[in-house]
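*Asks:* Following this message is one structure expressed as structure tokens.
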Amino acid sequence: MRIGELAQRTGTTPKAIRLYEARGLLGTVARAGSYRHYGEADVARVLLIRQAQALGFRLSELDGLPHIDTAAGWERMAQLVAGRRAAVAQELARLSALDAQLALLEAELHTCDTLAVPMAPEACAAPSTLAVAPPAHNPAQFGAATTAGAARFTAT
């Protein structure tokens, strides 16, 4: 099949498929003259790439994909998935702590509202129960361009 049919069958664009090929994610693609010819293995590989991207993997992390059918390739992918799961677990813990802090704040706001007495906010809130910390910055979570862009705004 040609690139247009592969793109249609996998829900992507010919441009994306050319990018995957240029990055070496598809391995060697058969050619007849100037036309690329793809097989069912290429369909499966493009679908795997798209699934990995939907799960938050960057193309640069998928370098070992052409060797996925080897024991080393499967091990590499298993390590990537385990790393992603660990990052998700860490983010879930952070979000759970944030949710708990928001619940405390909401309860304090309801308490102040039921008092129905105009007072200073300090009289209503219990600062010792709210430990608001800024979100942790994980450089691996963001690309280098984002970090570099942020540096422009903080530089004086």
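*Asks:* Let a ≥ b ≥ c be the square roots of the eigenvalues of the Cα gyration tensor of the range 1-78; is it rounded (a/c under 1.5), or, if not, prolate (a/b larger than b/c) or oblate? Could you put the intermediate results ahead of the total?
*Replies:* Details: a/c = 1.99, a/b = 1.48, b/c = 1.34.
In terms of gyration-tensor shape, prolate.
*Asks:* Is the shape of the range 73-115 best called rounded, prolate or oblate, per the rule: a/c under 1.5 gives rounded, else a/b larger than b/c gives prolate, else oblate, with a ≥ b ≥ c the square roots of the Cα gyration tensor eigenvalues? Working shown, then result.
*Replies:* Values: a/c = 11.46, a/b = 8.95, b/c = 1.28.
Because a/c hits 1.5 or more and a/b exceeds b/c, the range 73-115 counts as prolate.
*Asks:* Modelling each spin label as a point 7 Å along the Cα-to-Cβ direction, I'd like the Val88/Thr111 distance in nm, to one decimal.
*Replies:* The two pseudo-label positions are separated by 3.7 nm.
*Asks:* Same structure, new question: Out of residues 5 or more away from His37 or on other chains, whose amide H comes under 5 Å of its own, with H placed 1.01 Å from N in the peptide plane?
*Replies:* It is Ala30, Arg31, Ala32, by chain and number.
*Asks:* Using a Förster radius of 35 Å, what is the FRET efficiency between Asp99 and Arg2 based on their Cβ-Cβ separation? Nearest 0.05, please.
*Replies:* Numbers: r = 50 Å, r/R0 = 1.42.
Efficiency at R0 = 35 Å is approximately 0.10.
*Asks:* Using only alpha carbon pairs under 8 Å that are at least six residues apart, calculate the relative contact order of the range 2-99 and give it in whole percent.
*Replies:* Numbers: 62 pairs, mean separation 20.5, N = 98.
With pairs under 8 Å counted, the relative contact order is 21 percent.
*Asks:* Something else: Only four residue types carry charge here, +1 at the Cβ of Lys and Arg and -1 at the Cβ of Asp and Glu. Report the dipole size of the range 1-81 about the Cα centre in Debye, rounded to the nearest 20. Before the final figure, lay out the partial values.
*Replies:* Values: 11 positive and 8 negative charges, 71 e Å.
For the range 1-81, the charge dipole is close to 340 debye.
*Asks:* Let me ask another. Mind checking the full-extension length gain between Thr28 and His67? Use 0.36 nm per residue of separation minus the Cα-Cα distance, one decimal, nm.
*Replies:* Numbers: separation 39, 0.36 × 39 = 14.04 nm, distance 1.13 nm.
Answer, rounded to one decimal: 12.9 nm.
Read the figures in this text as sums done on the coordinates, not as results from a lab. Remember, predicted model here, so these are calculated numbers, not experimental data. Glycine also receives a Cβ, built like all others from the backbone with ideal geometry; neighbour counts cover every protein chain displayed.
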